[in-house]
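Quick notes on the structure that follows.
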Amino acid sequence: MGSISIPDPGESTQAPSFDEFQRQTSLMTSCTLLWKELSDHFTSLEQSLLKKSDAIKDKIKTLDTETKASLSSLEERETTIENSVSIALRKVEAAVQAAAAAVGTSKCDDGEDNPEVDDSEGLLLRLKSYCVKMDSLGFWGFVASKKKEMELMRAQIPSALAECADPARFVLEAISEVFPVDKRALCVNDLSWACVLILESLIPVMVDPILGKSRVLVTPSVKKSAKEIAEKWKESLDQRGGIENVKAPDVHTFFQHLVTFGIVKNEDLDLYRKLVVGSAWRKQMPKLAVSLGLADKMPDMIEELISKGQQVDAVHFTHEVGLVDRFPPVCLLKAFLKDAKKAATSILEDPNNSSRAVHLAARKEQSALKAVIKCIEEYKLEAEFPPENLKKRLEQLEKVKVEKKRPAAVGPANKRTRASNVGPMPPAKAGRITTAYVSSFPAPPTFVRSPSHTQYPTGVPSYSVPPPMYVHGTRSPPYAAYSPEAAPLSPPLSYPGTPPMNYPAYGGYGNGMAPAYQHTYYR
């Protein structure tokens, strides 16, 4: 019998096809790509770990450097305490001697010791005389009376305060007249500007003579008194109207007090934040906010200002902390102008304010334009936001305002116009009616409406008056209203059958009273 051949399982019974070869080729390609992707991923991880490791090493080196610098600074501060104290003591002794000499000579030549202040040198001498004598109340009264010379005093007060035996205590006693509580019987004017000026001038006087601003020379007792004053001001917030209604100058004085004496409290940062946002329109608020430690909270404060429509104030804050990229100033200013335009339009559409709507809308737009133009010029934004169109629009509004204020031309006197300028005469036919008359007595006084009272009591009608007229170089009130209840008319008189206007221009009055008209109209 013949044997049957069995095929070897290792041998292929059929030749591989091209599709199979292509499938294997694509598989190899995908594996190669996957391997390359994995190798790149691990390589990037390795590089990232190396970068982080280098960053940690750099940070450790920086911390070591800062630690060494802090330790050396502490050692320097410790070694310079004696020298600083000796310098301060010498200054105090010199100030005491000068004060004693000044007190001894002030009795005999008091008039010469307080010369008339007419220049910067005389102002400095006057300020120094108060500081040498430690006359805080006299110093305060003098500064408060020189608001017009504020910039000149800003340059002279630090030199004068350096003559004090204890400048910090001297300043606290000087501003105690109005801060933290105003002790005056009549608060006629706000003197917060004087407090801020004196507190700002105290900062360069209290710096350490060796270390500078890094160490402020304030005695523990004065610092304690400053803290008590700050707490007293916070307790009086309710009397000032609360956080929302406190006056911005008071807030400014409070913040400057904290910064000058270095008594900022971290637990009061939320209070500081609310007060800053409420008085953000003050020019110094961005710098004070940074000095109070609110730099980290500044983005949230800027967003809050934007939500309240205070985009111009937000621009000042963004430039102070360097957040211009996050809050572009040009976009904020354009949004502010858009909101102002909407507000002006809403004022014009208000039916309850139709009499003054145009005036109020124009003032609203003018204020917005001026604020934006000033902001553009201050931060050099002309390339991004050219102000030419804004200036043209502002000129148009100013021109319209001037034209509205321009007086009407004075023509020849109308025969049918009362000489007393109370109102027009009745029609010519009125002379034929028995109830019509023209009084020969002086006209009742014209009552001028106060600008602060725009509403009249119910039931009292207001009568229109002729346009304003110039009489002997003086302009009659533009908004005059006559109330018949306030000044009753003179009793009617009976005249002969001649028309009432046929009286002579001068004289002819049998009652002996002066004519009610002005001679200007009858030349």
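The values are calculated or read from the model by the stated rules, or taken from the named source; none is laboratory data. From a predicted model like this one, the values you see are computed outputs, not experimental measurements. Using ideal geometry, Cβ is built from the backbone for each residue, glycine included, and neighbour counts are taken over all protein chains shown. Surface accessibility is based on the protein's heavy atoms, side chains included, excluding ligands, DNA and RNA. Shrake-Rupley method; radii C 1.70, N 1.55, O 1.52, S 1.80 Å.
Listed here are the residues, each with its yes/no results for (1) open to solvent by less than 90 Å² (accessible area, probe 1.4 Å); (2) at pLDDT 90 or above.
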| position | (1), (2) |
| --- | --- |
| C31 | yes, yes |
| E37 | no, yes |
| H41 | no, yes |
| K51 | no, yes |
| A55 | yes, yes |
| T62 | yes, yes |
| S72 | yes, no |
| E75 | no, no |
| V85 | yes, no |
* Where a residue in segment 241-267 is part of a loop (DSSP other than H, G, I, E, B) and its partner, wherever it lies, is at pLDDT below 90, with Cβ under 9 Å and at least six apart -> V246/L237; V246/R240; K247/D190; K247/R240; K247/G241; G262/V216; G262/V218
* Structure fact -> Within segment 122-164, of all residues that are part of a loop (DSSP other than H, G, I, E, B), open to solvent by 20 Å² or more (accessible area, probe 1.4 Å) and not charged (D, E, K, R), the one nearest to E177 (Cα to Cα) is S145
* Filtered residues of segment 170-199 (kept if outside any loop (DSSP other than H, G, I, E, B) and either of a type in the set (K, R) or open to solvent by 60 Å² or more (accessible area, probe 1.4 Å) (or both)) -> E173
* To do: Sort through E377, E382 and tell me the only one that's without any contact (Cβ under 8 Å) to a residue 12 or more places away in the chain and farther than 30 Å from D300 by Cβ.
  => E382
* Check on S120, within 26 Å of the chain's Cα centre (by Cα) and at pLDDT 70 or above -> no
* To do: Please enumerate the residues belonging to segment 223-267 that are over 16 Å from V196 (Cα atoms), of a type in the set (D, E) and buried (at least 17 other Cβ atoms within 10 Å of the Cβ).
  => none
